[in-house]
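Have a look at the structure below before the remarks.
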Amino acid sequence: QSDTEGPDSTEGGSVAVTTTTKGLSAEAERRRTFAVISHPDAGKSTLTEALALHAKKISEAGAVHGKAGRKSTVSDWMEMEKARGISVSSTALQFNYHSSETPDEQINVINLVDTPGHSDFSEDTYRVLTAVDAAVMLIDAAKGLEPQTLKLFQVCRHRGIPVITVINKWDRPGQTPLELLDEISERIGLTPTPLYWPVGIAGDFRGLLRRGEDGEAREYVRFTRTAGGAKIAPEEVMDADAALAKEGSEWETAAEESELLSATGQDHDQEMFLAGQTSPVIFASAMLNFGVRQILDTLVELAPPPRGREDLSGKPREVTDPFSAVVFKVQAGMDTAHRDRLAFMRIVSGVFERGMVVTHAQTGKPFTTKYAQTVFGRERSTVESAFPGDVVGLVNATALAPGHTLYTEKKVEFPPIPSFAPEHFSILRAESAGKYKQFRRAVDQLDSEGVVQILRNDIRGDASPVMAAVGPMQFEVVAARMKAEFNVEAKMEPLGYALARRTDAASEVELNRQRGVEVFTRSDGVLLALVSDKWRLQYIQKELPDLTLEPLVAAA
Ligand code: G4P
């Protein structure tokens, strides 16, 4: 098994980068990098297939994602994953797309970064959102906003990621469109600004009214079903008079509602959208392929292209600067035959060419990128070059961890990815004391990769650190990897705390005296107070208001 670390003497070496500044900014400008945020079952996999179908990446929907009966491309990197039939890995799907709104010669490049979509949520899900420029919030028309969607939305808001709302499953009975919009504005304070309004109630999806400025109907897009939704749904585009003749009162209702939205100020405003105050809304049926082209066109027209990023000192690294990238995820054991480790990076600036030697900012060491891949489901392909906004997986990049920076020429280090508020805690021990050394190494490795957060304090000692995670599945990953890679059976014991707050040395002693509270040091040096439940927390905050107990990012 080869290692890509260190300069490579046999082949490759530094590749001459010929792309001009103008070429680079054009490559960045035509890219859109986004993720779909949703609650399980809202239709994320179905939508991914439909998007890929529209991009002609695959000929029939169903070839990308696999549920029972469909061809499976879900990664099977771990037995655990197979057993549950879910995908814990996040990968990126890239395809070219030509929007009907843009000139013939303009081809956009879409990067869809996959978020793990099961209820057993993990820190990875949040980290993926640090790699995208926009998010599509997918909502089930019958269920409205669901818990996981809300959590992911909070991360988008925190990071200032603009959100496009897609109301899915409009082919099935659900709430009224106005009720759904009210729910969005009341529960998350985001003003929904529909771009397309449904003609026909939920369960009788006929087409979409395209709203112009001031809510007047620009056109009507009428859809025709195809067998099983396996092909792109044919569209018929007509003006308002033709739409009225065709759909009668259904059209009148839609047109009236659209005007009503304008009266309440629910029209698209690009600045407000980019500032995260409003969200364009599209009604769709991922299953029938209705509204899918409209989602892609909206991404191309409204979502922001990749931009430069500020480094640790606040200095901008522009997309046209020399190569730089941020690692946002490390995935080990994706290929059981090779036990390899992939570090996924998002390119921030410059051009990436496979084989180029980059510098790992955290260690200052050179790093050869001979094995660069894109991964989607089971498909892997070698990446020869990539541009800002693209996601590339580096094979066997052992030193890389989430938040790390890679660069060439001009030194740069980007701010680390924040640790997200853990909600699950468990003591970790080695089954046998004789394995302590391997255990210790395993803990350090998994900690540095960000698989879980490792907490320690003097009372518990080094032999039984505490793992903290956003989702309990992270613990299973630890157990599986300890066994497979370090040959250590891990013992876990849930710890009865439910939340974590940031604290400081001045508050530590007093907090440790409280019932239901224990202070730990996380490996990045941050002091965390674990608290048994929110009532205990409220009580302490009331009784001892001088103690530091600050919420962490994405605190539930
Ligand atoms: P997820 O990845 O967000 O978890 O959702 P997924 O795409 O797997 O969709 C969940 C279920 O919702 C699937 O049904 C899927 O077919 C259905 N679905 C998705 N989009 C639509 C839509 O626009 N309209 C309708 N009517 N259904 C939709 P399932 O019964 O769980 O699976 P399957 O037997 O259909 O494959």
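The values are calculated or read from the model by the stated rules, or taken from the named source; none is laboratory data. For clarity, every value in this text was computed on a predicted model and none was experimentally measured. When we count neighbours, we look across all protein chains shown, and the Cβ atoms used for this are built from the backbone with ideal geometry, even at glycine.
Quick look at the values:
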| item | result |
| --- | --- |
| Scope segment 489-513; condition surrounded by fewer than 21 Cβ atoms within 10 Å (Cβ to Cβ) and either free of Cβ contacts under 8 Å to residues at least 12 places away in the same chain or among the charged types (D, E, K, R) (or both); matching residues | E489, K491, E493, R502, D504, E508, V509, E510, N512, R513 |
| First in segment 523-536 and of a type in the set (K, R) and modelled with pLDDT of 95 or more, second anywhere and surrounded by 13 or more Cβ atoms within 10 Å (Cβ to Cβ) and not in a strand (DSSP E or B), Cβ under 6 Å, 6 or more apart | R536/G516 |
| Residue satisfying condition, being among the hydroxyl-bearing types (S, T, Y) and closer than 25 Å to E384 by Cα, within set T363, T278, T298, T359 | T359 |
| Failed item, numbered, when P173 is tested on (1) more than 24 Å from A421 (Cβ to Cβ); (2) more than 14 Å from the ligand (Cβ to nearest atom); (3) out of contact with any strand residue (DSSP E or B) (no Cβ under 9 Å at 6 or more places or on another chain); (4) without any contact (Cβ under 8 Å) to a residue 60 or more places away in the chain | (2) |
| Residues (more than 22 Å from V326 (Cα to Cα) and touching a strand residue (DSSP E or B) at 6+ places or on another chain (Cβ under 9 Å)) located in segment 120-135 | none |
| Qualifying residue in segment 396-417 (condition: on the phi > 0 side of the Ramachandran plot, polar (S, T, N, Q) and in contact (Cβ under 8 Å) with a residue 60 or more places away in the chain) | yes |
| Output for segment 476-491, where each listed residue is outside any loop (DSSP other than H, G, I, E, B), touching a Lys or Arg at 6+ places or on another chain (Cβ under 8 Å) and of a type outside the set (D, E, K, R) | A484, F486, A490 |
| Any hit, segment 142-151, residues being within 26 Å of R32 (Cα to Cα) and away from the ligand (no atom under 16 Å from the Cβ) | no |
| Count of residues meeting criterion [outside any loop (DSSP other than H, G, I, E, B), crowded, with 19+ Cβ neighbours inside 10 Å and in contact with a strand residue (DSSP E or B) (Cβ under 7 Å, 6 or more places away or on another chain)] in segment 439-475 | 11 |
| Breaking point among (1) over 18 Å from the mean Cα position of the chain (by Cα); (2) surrounded by 18 or more Cβ atoms within 10 Å (Cβ to Cβ); (3) not hydroxyl-bearing (S, T, Y), for R127 | (1) |
| Hits in segment 23-40 (condition: out of contact with any Gly (no Cβ under 9 Å at 6 or more places or on another chain) and either within 16 Å of the ligand (Cβ to nearest atom) or part of a strand (DSSP E or B) (or both)) | F34, A35, I37 |
| Filter pass, V478 being in contact with a Leu (Cβ under 8 Å, 6 or more places away or on another chain), crowded, with 22+ Cβ neighbours inside 10 Å and over 26 Å from T548 (Cα atoms) | yes |
| Single residue of segment 296-318 satisfying the filter (crowded, with 19+ Cβ neighbours inside 10 Å and over 21 Å from the mean Cα position of the chain (by Cα)) that is farthest from L195 (Cα to Cα) | D311 |
| Meets criteria (of a type outside the set (A, V, I, L, M) and within 15 Å of the ligand (Cβ to nearest atom)) for G200 | yes |
| Residue in segment 325-343 that is out of contact with any helix residue (DSSP H, G or I) (no Cβ under 9 Å at 6 or more places or on another chain), within 25 Å of K22 (Cα to Cα) and either of a type in the set (G, A, S) or touching a residue at least 40 places away in the same chain (Cβ under 8 Å) (or both) present | yes |
| Output for segment 295-314, where each listed residue is assigned to a loop (DSSP other than H, G, I, E, B) and either closer than 22 Å to T91 by Cα or in contact (Cβ under 8 Å) with a residue 12 or more places away in the chain (or both) | A303, P304, P305, P306, R307, G308, D311, L312 |
| Lone unmet requirement of (1) surrounded by 22 or more Cβ atoms within 10 Å (Cβ to Cβ); (2) modelled with pLDDT under 90; (3) on the phi > 0 side of the Ramachandran plot for G377 | (1) |
| Evaluation of F153 against (1) buried (at least 18 other Cβ atoms within 10 Å of the Cβ); (2) under 25 Å from A55 (Cβ atoms); (3) under 29 Å from the mean Cα position of the chain (by Cα) (one fails), failing number | (2) |
| Which listed residue is touching a residue at least 60 places away in the same chain (Cβ under 8 Å) and over 16 Å from I139 (Cα atoms), from L244, L178, L190, L208 | L208 |
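Conditions tested, residue by residue: (1) touching a Gly at 6+ places or on another chain (Cβ under 8 Å); (2) at pLDDT below 80; (3) more than 13 Å from the ligand (Cβ to nearest atom); (4) not in a strand (DSSP E or B).
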residue	(1), (2), (3), (4)
S45	yes, no, no, yes
K56	no, yes, yes, yes
D76	no, yes, yes, yes
K82	no, yes, yes, yes
L93	no, no, yes, no
S100	no, no, yes, yes
V128	no, no, yes, yes
M137	no, no, no, no
